[in-house]
1. With respect to ILE194, determine if the residue is surrounded by 15 or more Cβ atoms within 10 Å (Cβ to Cβ), in contact with a strand residue (DSSP E or B) (Cβ under 8 Å, 6 or more places away or on another chain) and among the β-branched types (Val, Ile, Thr).
2. Looking at (1) of a type in the set (Ser, Thr, Tyr); (2) more than 16 Å from the ligand (Cβ to nearest atom); (3) crowded, with 20+ Cβ neighbours inside 10 Å, which is the only condition SER250 fails?
3. For the condition charged (D, E, K, R), in contact with a Ser or Thr (Cβ under 9 Å, 6 or more places away or on another chain) and without any contact (Cβ under 8 Å) to a residue 60 or more places away in the chain, what is the one hit in ARG105, ARG91, ARG118, ARG82?
4. Looking at GLY387, is it out of contact with any His (no Cβ under 8 Å at 6 or more places or on another chain), touching a residue at least 40 places away in the same chain (Cβ under 8 Å) and either part of a helix (DSSP H, G or I) or more than 22 Å from PRO258 (Cβ to Cβ) (or both)?
5. Mind checking which residues of region 285-344 are acidic (Asp, Glu) and exposed (fewer than 15 other Cβ atoms within 10 Å of the Cβ)?
6. Can you tell me which residue among LEU204, LEU221 is without any contact (Cβ under 8 Å) to a residue 24 or more places away in the chain and within 14 Å of the ligand (Cβ to nearest atom)?
7. Quick check on my filter: what residues within region 320-339 are more than 16 Å from the ligand (Cβ to nearest atom), at pLDDT 95 or above and within 19 Å of ASP352 (Cα to Cα)?
8. Here is a check on your reading of the model: is VAL261 closer than 19 Å to MET222 by Cβ and either modelled with pLDDT of 95 or more or exposed (fewer than 15 other Cβ atoms within 10 Å of the Cβ) (or both)?
Amino acid sequence: MRTLIRDAEVAGRRVDVLLDGERIATLGEPSTIRPAARDEVIDGAGGVLMPGLHDHHLHVLAIAARSRSVDLGGDKGLAALRDADGTGWIRGTGYDEDALGSLDRYVLDAWVPDRPVRVQHRSGALWVLNSAALRIVGLDGTGGESGDVERVGGEPTGRLWRYDARLRQALPDDNRVTPEEIAAVGRRLASYGITGVTDATPELDAAAAALIDRLPQRVTLMGRTPGAPVKLHLRDHDLPSLDDLKQLISAARERDRPVAVHCVTAESLLLTLNALQEVGARPGDRIEHASVVPPGVGEWMARLGVRVITQPDFLRTRGDGYLRNVDPVDRGHLYPYAGLQAAGVPVCASSDAPYGELDPWRVIKSASTRETIEGDVVTAAERVTVGRALDGYLSPVDRPGGAARTVRGGAPADLVLLHVPLAEVLVDPRCDLVRATWIEGRLVGGMAGRS
Ligand SMILES: [Zn+2]
């Protein structure tokens, strides 16, 4: 299967690009490559052709499950649960304690006494179940396992911390993500020009991994892929000791793997850097989020050689809350980008979907504006250009924030063709500029108005 893309913009020049099987065969001056009779021929019309985007931090199963979830971020609040259609389980997402107050089984029971309900905190770190749901997953008794199952007087409160993998296994089949829902995620990713993803979920069983692998995109699972970073999800209100964290890092080293450490506070970041310094950092080590980076710490990260996977779009969607609620000491150091790069840290933006917006073009725009919904700007000095942020999505799967992949002969035919030249994208990045997406030479999305 060969495809000839005529007259596309690559690295500032108008060229023809021939795809042969899974690879780019060659690039040539316009009209110099002759198609064979069965080749697909597409007129690029001067639109930019670039390597497919890679989202370096998201959660595929949770994205898929969103389509049948009740969003608690709207005006209805918890009443949205009571008003949910259908029968059986209700899955709520986007729970924010600042907006909805403290939540436990009893609060949920008051809204929905007769159907099992599970509600996910907007960070993804906490599930809250009502009593009917606790019964079904076998957590309604007193005593037994504690720690991640919060209890008061032996009685579970319904609040389950970092319980994703265990909950997935305990839930009845009708709660599981379906292959159709995964296919829909694949189509959505392709519509954005995304050809690869790194799933940052800490633990995934074989069934979950097999489901995610059905995506047409190239998939790296922190929870399973050999060589991929091991995800360490620190609890910010209950941080491990330095020794415990060092042990977790050493355990990853024994499996010959780098680590990806979730750090959303200055304390967790400093603890992590101390642990990495003592155990010894290795290539591929990454900090997920780096939501607060105190002055001077970027230089330390650069010396250790750790990378940062940031989520600038949280500044748009949650920035107003941050500006109101975050400790004033930290306010100027939220989700830094330009400053870390200047210090020599490889940085790339990602979605953290579904906890953040999946659309990479929206994320890229936020990296360049750092504007909140209400129109405030969070530390203008940390803005990067659209091109810089786009480069992060073009960086290789094992070197996030490193040099962008390029369109060249012999490279994988993972490509995205846009309707317009790069210069226009850099002014106003938008997902509707995506015209077509190829993965391993196969057209997987777009191509409205194909010639
Ligand atoms: Zn995440």
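1. Yes, satisfied.
2. Only one criterion is unmet by SER250, namely (3).
3. Testing whether each residue is charged (D, E, K, R), in contact with a Ser or Thr (Cβ under 9 Å, 6 or more places away or on another chain) and without any contact (Cβ under 8 Å) to a residue 60 or more places away in the chain leaves just ARG105.
4. No; evaluated as a whole, the condition is false for this residue.
5. Selection gives GLU299, ASP327.
6. LEU221
7. Listed by number, the residues that qualify are LEU334, PRO336, TYR337.
8. Here the answer is yes, as VAL261 does meet what is asked.
The values are calculated or read from the model by the stated rules, or taken from the named source; none is laboratory data. Quantities reported herein were computed from a predicted structural model and do not represent experimental measurements. Please note: Cβ atoms are built from the backbone with ideal geometry, for glycine as well, and neighbour counts cover all protein chains shown.
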